[in-house]
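Okay, structure first, notes after.
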Amino acid sequence: MNKKLRILGFTLCLLTILTVGYSAISGLAGAAAGPREVSDYVLLDKEVVEAAKSIPLQDHGRIKPLQTWAETNMLAMHGERGMTILKDGEKVKISSTEWLLTVIFKPEVADTLPTFRIDNSHILEDLDMDIKGLRERYSFNDFTPKQLDKLEKIFAEINAIDVKRRNDRQKQMVSLYTNLTAYQSLKNPFAFSKKDIEHHGKKSVTAIFDRNAKMLQAANDPANVLAQIRSIIITEGEVLRRMTPSGLGRASKLNFFPPEDLKNDEWTSAGKEFSKSAIPNYRAYLNFVERFYQVEDKRQNDPNSLTPEDSLIRILETTQNNSQVRPYSKVAQKHIRDLEALQSAFDTNDANLQLAGIHQFKGKYASLMEKRGETTHITSEVKYNDTRYFNNSIALVILAFILVLIRCVFIGRKVGKWFYWASYAFASISCLIVIAGIIHRSLIMGRPPVGNLYDTMPFIVGACLLILLLLELIHRKSVLLAVATLLGIAGLILAKSYETSQASDQLSPLVAVLKSNFWLTYHVITITLGYAGCLMASAISLVYVLGRVFGIIENREDRKYLTMNTYGILGFTLLFSLIGTVLGGIWAADSWGRFWGWDPKENGALLIVIWMLAILHARAGGYIREMGVHCASIFAGIVVVFSWWHVNFLGVGLHNYG
């Protein structure tokens, strides 16, 4: 180790800090100048938010806590898991769970929150909107009804274009429409606005459930029976009209309610159950109103043209008969009453009543969920979300990398050893946290740890950290420790960026072909360990090549040490890649009826095996020496990145599900 190495170490440290800083800053480039003032916002009590996190629901076939669903939706719409606003001039941070509770139960307030991040505000010119900045966040109220109608028409036009042929502007417009539509489906469809209540009174949806009973009661007053029945129909129609933005509840995604039938796996929302009757009933109401006013027009302008068919009783018979009007099911009535009780608790703005409402709501379905076996991992998943294993590991592994570089400055001194062991300790803690996160995810999902593209990232990071830290203990030269931390930083930042960009539930159920714990354990984990091995070898080789180019690694012992580790890890890669590829072929023969089909993922795995064999044989035969091995190893890293990462975005092949 010499002065040049110390200079390189310092330079690498600066480059790492600048790279991480640039990544963070570039993600915020062009963002809003500052938080938006939302004076009407009412902060929810921390205990209320904490209790609401574990409200279970079903989304995309998986039972999950409200917190997970809130984070997924907020990432998709807002680009972050939290939001900062100004209330009376003071900065207030809103968690994803609090944001979702506001959207569900206080939609008028939620409509003023800067929920929607638009990366290219120029697309708003097509909606005749004023642009605030290149990348800005807008509230739902920033879009007028006229602009929303125009957006829907633009979306319809774009939707007719093949997905692969859409330009960036069209894709962003589709994303905006999708987010605005999804946002509407998060609201409680039975919560009416203050404006509606002022115009039509506080008529609850539950008031229309006893329609038949009211009609029978009206029959006891023959003189006014028809007028009373007309009033009942008009009342129901007005309530339903106020729900048309939510498709009469059909668009609601608040799937809080498990079915009584234990064989039925699909949960439902109160809105969806309600809409089964509400849609035909609203249609019948519109027919009644249209027919009624036609007759009224005749009565005023041409009374002689009236016929027996124009009598009120005939209008009722033709528009409100049993084939046109459906009673609201007991299931819908029960779900709506339960949801309205929770809505009433939030309307009070009293933390104690809200907390009691949440506990009562969860308690009503706890026994049914337990009977269905669907409560196992709700609390555990909330703990997983709160722990943020991989985010916490990023800070520790960056600190470990900085410490190992500082150690280079004090090489040969006692203080240098302190920095070395401090770096090793932080890297080890980071490794343990990553492994704990992987295990926790696996327990929640009830399957082996690797099942989709996101799963591979923390798994590769954990494998690289563990293997390189164990190898580092043998010679303690700091190089493998530095490589381990570099791979850890790159892998964890990649995982975080991917999760944010995808904005989807990374704990979601597997596609049907992957639902085999046996093959997920042996094939997928084996092939992923092969990826990890090659990335480790490639990173060590990169250190070797840079060291030789800059004249830093001149000692024969150091060169031999790096080459020996690279050669051994390449053998490790070959072993796991070959076994993993063969096991994948056996699984393919079992699932798809053929061992090999020249699928892009299969081709990538084959390329890795062939290239590993080529390197090892060329070295053994003397065709390449140290520098040749390391250059070939770096190229192998490119091959692995193609096989592991790139083929997932080609959109072709049977493996296109990562």
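The values are calculated or read from the model by the stated rules, or taken from the named source; none is laboratory data. These numbers come from a predicted model, not from an experiment. For neighbour counting, all protein chains shown are included, and Cβ atoms are generated from backbone atoms with ideal geometry for every residue, glycine included. To get the accessible areas, we keep the full protein, side chains included, count just its heavy atoms, and leave off ligands, DNA and RNA. Shrake-Rupley method; radii C 1.70, N 1.55, O 1.52, S 1.80 Å.
Within region 80-100, is there a residue that is touching a residue at least 60 places away in the same chain (Cβ under 8 Å), over 17 Å from the mean Cα position of the chain (by Cα) and open to solvent by less than 10 Å² (accessible area, probe 1.4 Å)? Scanning region 80-100, I find no residue that is touching a residue at least 60 places away in the same chain (Cβ under 8 Å), over 17 Å from the mean Cα position of the chain (by Cα) and open to solvent by less than 10 Å² (accessible area, probe 1.4 Å), so the answer is no. Residues in region 288-308 that are closer than 26 Å to Glu238 by Cβ and of a type outside the set (Lys, Arg): Phe288, Val289, Glu290, Phe292, Tyr293, Gln294, Val295, Glu296, Asp297, Gln300. When restricted to residues that are of a type in the set (D, E, K, R), assigned to a loop (DSSP other than H, G, I, E, B) and touching a residue at least 24 places away in the same chain (Cβ under 8 Å), region 239-281 contains 6.
Just one of the listed residues (Ala482, Ala539, Ala503, Ala495) is open to solvent by less than 40 Å² (accessible area, probe 1.4 Å), in contact with a helix residue (DSSP H, G or I) (Cβ under 8 Å, 6 or more places away or on another chain) and at positive phi, namely Ala503. In this entry, Asn322 passes the filter for residues that are of a type outside the set (Lys, Arg), open to solvent by 60 Å² or more (accessible area, probe 1.4 Å) and over 40 Å from the mean Cα position of the chain (by Cα). Among the residues of region 325-345, those that are of a type in the set (A, V, I, L, M), surrounded by 19 or more Cβ atoms within 10 Å (Cβ to Cβ) and in contact (Cβ under 8 Å) with a residue 40 or more places away in the chain comprise Val325, Ala332, Ile336, Leu339, Leu342. Taking the numbered list (1) open to solvent by 30 Å² or more (accessible area, probe 1.4 Å); (2) at pLDDT 85 or above; (3) within 30 Å of Val397 (Cα to Cα); (4) assigned to a helix (DSSP H, G or I) in turn, Glu47 passes all entries but (3).
Residues are listed down the side, and each one gets a yes or a no for (1) without any contact (Cβ under 8 Å) to a residue 12 or more places away in the chain; (2) closer than 21 Å to Lys93 by Cβ; (3) surrounded by 12 or more Cβ atoms within 10 Å (Cβ to Cβ):
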{"residue": "Ala110", "(1), (2), (3)": "no, yes, yes"}
{"residue": "Leu113", "(1), (2), (3)": "no, yes, yes"}
{"residue": "Arg117", "(1), (2), (3)": "no, yes, yes"}
{"residue": "Ser139", "(1), (2), (3)": "no, yes, yes"}
{"residue": "Pro145", "(1), (2), (3)": "yes, no, no"}
{"residue": "Leu151", "(1), (2), (3)": "no, no, yes"}
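Taking Ile569, is it β-branched (Val, Ile, Thr) and surrounded by 20 or more Cβ atoms within 10 Å (Cβ to Cβ)? Answer is yes for this residue. If you check Ser269, Ser246 for being open to solvent by less than 10 Å² (accessible area, probe 1.4 Å) and polar (S, T, N, Q), only one passes: Ser269.
Here is a yes/no grid of residues against (1) surrounded by fewer than 21 Cβ atoms within 10 Å (Cβ to Cβ); (2) among the acidic types (Asp, Glu); (3) in contact with a Gly (Cβ under 9 Å, 6 or more places away or on another chain); (4) in contact (Cβ under 8 Å) with a residue 12 or more places away in the chain:
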position	(1), (2), (3), (4)
Thr375	yes, no, no, yes
Leu405	no, no, yes, yes
Ser430	no, no, yes, yes
His440	yes, no, no, yes
Gly462	no, no, yes, yes
Leu473	yes, no, no, no
Arg476	yes, no, no, yes
